[in-house]
Amino acid sequence: MNAPLIRLQINGCTVEARAGTSVAAAIAQHSLIFRRSTTGQPRAAFCGMGVCFECRVAIDGIGQRRACMVPVREGMQVSCDD
Amino acid sequence: MTDRYDVLVVGAGPAGLAAAHAAASHGARVGLIDEQMTAGGQVWRQDVQHASPALARRSIGRTLDHPAIDWLAQTRVVTVEDGGLLVEDPRRARRLHYQTLVLATGARELLLPFPGWTLPGITGAGGLQALAKQGWPLAGRRVVIAGSGPLLLAAAATAKRHGAHVLGIYEQSSTENIQRFARSLWRWPAKAVQAMGLRAQLAGVPYRCGSVVRRAHGETELHAVDVDGPRGIEHIACDQLAVGYGLLANVELAQSLGCTLQLQGAHAYVDTDRYQRTSVDGIYAAGELCGIGGRDTARIEGAIAGHAAAGKTADADRLLQSRQHARHFADALNQCFALDPRVHALAQPDTLVCRCEDVSLSALDGYMDARSAKLATRCGMGACQGRICGSALAELGRFPRSGQRPPLFPARLSTLAGTNLSSINKP
């Protein structure tokens, strides 16, 4: 199964991912730090199914989005750790 | 915008798909909603690299292609209103009304705290499986699978298929329990075949019983775990740990609708009668929501609920015996994988329990209920609304999970602005 390649920006770096890939999976290709917790600890995707909210990042300027619930799109701007 | 359905089904996993199809087969106009982009639920989640099993493709295809079924993807329930549900999708909010409602909201993992469990590189067991299917990079990575239940085998098989080097599967249940369960498998031949298939896929991967992950090591991401097993403590260097202690029902929507709940151990499920009717008139529930029973139970209960919701109980009657058989398997499974008290003692006083608000276990000492703990410490006040820490604390015997308040999930302000606040604020 070879879905087309999509290009997106994660913290300003270009990452390529197959169509159908989640933003969480695309971020993991780049770095394992998705965000900082309230006391500053590094966190990453944990439950994988939209329950725990550990993978929340800003996507196209909208914050607090669960990266495991959003498929990648061409030109998407993802910002972690904010 | 308002839409009205004869039967509205929430959740498009095996139970919801079967319910929608059964109801539509009687001519009902059916709405099927799910928060994910694709149907199948967790067990039939689509894999970006590999084809889905034939049964999943058939069940999904025949339901989504049915002319009487509206498939509403990426649609989540925000709150319950009189006679309907307020939902939102990526673009807009709307109200869905129904004659009858079938709840098939499935299960999530029981994720329990232990020192180091918040490190990047650690996921649930089903969590790793879900992420692998989403394209999470696993090729060449050293993966440890731990926790409890048959999901560990499925997660290991998925990780292996995605190129991971699976170092071992560490099951907390004892060898005696697992062997007793294996000897009883002849009563469910299809399950025995499935187990043998998984075993073959996992040839060469160690399966160790009576073993729990005591601690995870790393600075900004996972580097190693300590596994406590029959041979003592083993220190294992790894890149990824998948650890889950079984499943629990997603009862939050059913609870908001006023459906009577029961307890299975420390966790709630929805009480139903022979036709999957809940305590609330016109509301049905099926699958994991009615107690963890697995995919086969979910498919049967979904069909029963769909027939009954369309008023055709005679069709439902034909399925009652097979449901009983499937539920007996689930009971045997739950007994086999009952949690060892060691698992409840993993969290240390300084271990964070609430991952949203970074609240440690010792900060909760002296609180007797979830609400007072939340007011004083913020435990359970974060974005997951206590779904992780509340369930963990219930399992650890601290206090039961508190009731659900709207919205069911964080929602957009524009969605909430359109709600009738007096109707959502009723108790």
Response to the item:
Given the conditions (1) in a helix (DSSP H, G or I); (2) farther than 12 Å from B:Ala242 by Cβ; (3) at the interface with chain A (Cβ under 10 Å from one of its Cβ atoms), every one holds for B:Ala130 apart from (2)
Item to complete: Quick one: which residue in A:Ala28, A:Ala3, A:Ala17 is within 11 Å of another protein chain (Cβ to nearest Cβ), closer than 22 Å to B:Gly40 by Cα and among the small types (Gly, Ala, Ser)?
Response: A:Ala3
Worksheet item: Is it true that B:Ser184 is out of contact with any Leu (no Cβ under 7 Å at 6 or more places or on another chain), in contact (Cβ under 8 Å) with a residue 60 or more places away in the chain and assigned to a loop (DSSP other than H, G, I, E, B)?
Response: no
Discussion item. Just the residues that are closer than 16 Å to A:Thr39 by Cβ and either in a loop (DSSP other than H, G, I, E, B) or of a type in the set (D, E, K, R) (or both), please, taken from the range B:353-404.
Written reply: B:Arg355, B:Cys356, B:Glu357, B:Asp358, B:Leu361, B:Arg378, B:Cys379, B:Met381, B:Gly382, B:Ala383
Fill in: The one condition in (1) within 24 Å of A:Arg66 (Cα to Cα); (2) away from every other protein chain (no Cβ under 14 Å); (3) within 18 Å of the chain's Cα centre (by Cα) that B:Leu85 fails to fulfil
(3)
Discussion item. When you check A:Arg66 against the structure, is it of a type in the set (Lys, Arg) and surrounded by 24 or more Cβ atoms within 10 Å (Cβ to Cβ), yes or no?
Written reply: yes
Worksheet entry | Filtered residue count, the range B:216-226, keeping only those that are more than 16 Å from B:Ala125 (Cα to Cα) and not in a loop (DSSP other than H, G, I, E, B) | 5
Worksheet item: When you go through (1) buried (at least 23 other Cβ atoms within 10 Å of the Cβ); (2) out of contact with any Phe, Trp or Tyr (no Cβ under 7 Å at 6 or more places or on another chain); (3) assigned by TED's automatic domain parsing to the domain that holds B:Pro14 one by one for B:Glu35, which number turns out not to apply?
Response: (1)
Worksheet item: From the set of residues in the range B:98-127 that are surrounded by fewer than 24 Cβ atoms within 10 Å (Cβ to Cβ) and polar (S, T, N, Q), which is nearest to the other protein chains (Cβ to nearest Cβ)?
Response: B:Thr118
Discussion item. One residue is enough: does the range B:323-333 have a residue meeting the conditions touching a strand residue (DSSP E or B) at 6+ places or on another chain (Cβ under 7 Å) and either surrounded by 15 or more Cβ atoms within 10 Å (Cβ to Cβ) or touching a residue at least 40 places away in the same chain (Cβ under 8 Å) (or both)?
Written reply: no
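Among the candidates B:Ala266, B:Ala254, single out the residue that is of a type in the set (Gly, Ala, Ser), surrounded by fewer than 24 Cβ atoms within 10 Å (Cβ to Cβ), touching a helix residue (DSSP H, G or I) at 6+ places or on another chain (Cβ under 7 Å) and not assigned by TED's automatic domain parsing to the domain that holds B:Leu131.
Answer to the check: B:Ala266.
Can A:Arg73 be described as surrounded by fewer than 18 Cβ atoms within 10 Å (Cβ to Cβ), at the interface with another protein chain (Cβ under 9 Å from one of its Cβ atoms), closer than 25 Å to B:Gln42 by Cα and of a type in the set (D, E, K, R)?
When the stated conditions are applied, A:Arg73 does not pass them.
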Fill in: Counted residues, the range B:73-112 - those being touching a residue at least 24 places away in the same chain (Cβ under 8 Å), acidic (Asp, Glu) and assigned to a loop (DSSP other than H, G, I, E, B)
1
Worksheet entry | Residues satisfying the stated conditions in the range B:199-215, i.e. assigned to a helix (DSSP H, G or I) and either farther than 21 Å from B:Arg161 by Cβ or not basic (Lys, Arg) (or both) | B:Ala200, B:Gln201
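For the range B:285-305, does any single residue satisfy the condition of being farther than 28 Å from B:Pro150 by Cα and in contact (Cβ under 8 Å) with a residue 60 or more places away in the chain?
No, the range B:285-305 contains no residue that is farther than 28 Å from B:Pro150 by Cα and in contact (Cβ under 8 Å) with a residue 60 or more places away in the chain.
The values are calculated or read from the model by the stated rules, or taken from the named source; none is laboratory data. Here the structure is a predicted model, which means the values were calculated and not measured. Neighbour counts are summed over all protein chains in view; Cβ atoms, including those assigned to glycine, are modelled from backbone coordinates with ideal geometry.
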